[in-house]
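J.: Before we start, here is the structure in question, set down as structure tokens.
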Amino acid sequence: MPEPWNNWYHCNGNTYGTWVPGDVRGWRARHHREHCEGDNKNPPPPGTYDALAKYSRNLMTRPEVHLSIKARTRARDAMVEALHFHHIELVALCVDDHHFHLLARFPNHDPRKWVGIAKKESARTLSSENIVEEGGIWAVRCRCLPINDRDHQLNVARYIRNHKSQGAAVWLLSKVSPQPTARWH
């Protein structure tokens with residue numbers, strides 16, 4: 001993986017069960033252990049991975065998670081608060097019914113650790129407020145792509161902002177960012 005420009009990353013992840021191996025939009029196995037022809041822009045031919053999709057769905061321990069508008073807003077706010085608490089420089093974050101995107105600078109080239117904390121805190125917030133059932137809302141892991149340069153960073157920020165037109169709860173950096181609270185340790 002190339003070195004990120006000034007430690008900036010574009011991270012995204014899905015809610016539980018919304019993008020599983022065998023999905024018609026294409027998929028990627030962890031560490032590319034299995035090869036899939038196509039991706040979400042050029043999906044595999046229909047029916048190619050139906051058996052794998054059925055197998056993946058049968059392995060799920062609960063139904064897939066889709067977030068209501070209220071849940072998206074609270075998940076977004078909890079993720080922003082958790083990242084700010086840990087002094088992660090955040091530029092943009094959006095949460096829609098089945099996934100999130102964020103653009104942030106991570107000090108130690110370990111964005112998955114910090115995004116994992118934000119995911120945990122958002123899931124805990126939603127379940128403690130009885131917005132979703134207990135059991136977690138996010139799929140395991142997330143995808144973190146290094147930002148190449150300033151133009152790439154601006155393109156990603158616009159991409160995240162544009163999710164608002166698709167019903168996502170969007171947070172964008174303003175001149176005055178909220179101060180970290182003492183909620184998490």
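J.: Using 7 Å Cα-to-Cβ label points, what is the Asn155/Glu37 separation (nm, one decimal)?
T.: Here the modelled spin labels are 2.8 nm apart.
J.: On to the next question. In straight Cα distance, which aspartates and glutamates are under 20 Å from Lys70, not counting same-chain residues fewer than 8 positions off?
T.: Glu81, Asp96, Asp97, Glu121, Glu129, Glu133, Glu134
J.: Hey, got the dipole for region 69-151? About the Cα centre, +1 on K and R Cβ, -1 on D and E Cβ, debye to the nearest 20?
T.: Rounded to the nearest 20 debye, it is 160 debye.
J.: Which of the lysines could a cross-linker span from Lys41 if the Cα-Cα distance has to be under 23 Å and same-chain partners fewer than 8 positions apart are dropped?
T.: Within the straight-line limit of under 23 Å, Lys41 reaches these lysines: Lys54, Lys164.
Values in this text are rule-based calculations from the coordinates and carry no lab data. Quick caveat: nothing in here was measured; it's all calculated off a predicted structure. Please note: Cβ atoms are built from the backbone with ideal geometry, for glycine as well, and neighbour counts cover all protein chains shown.
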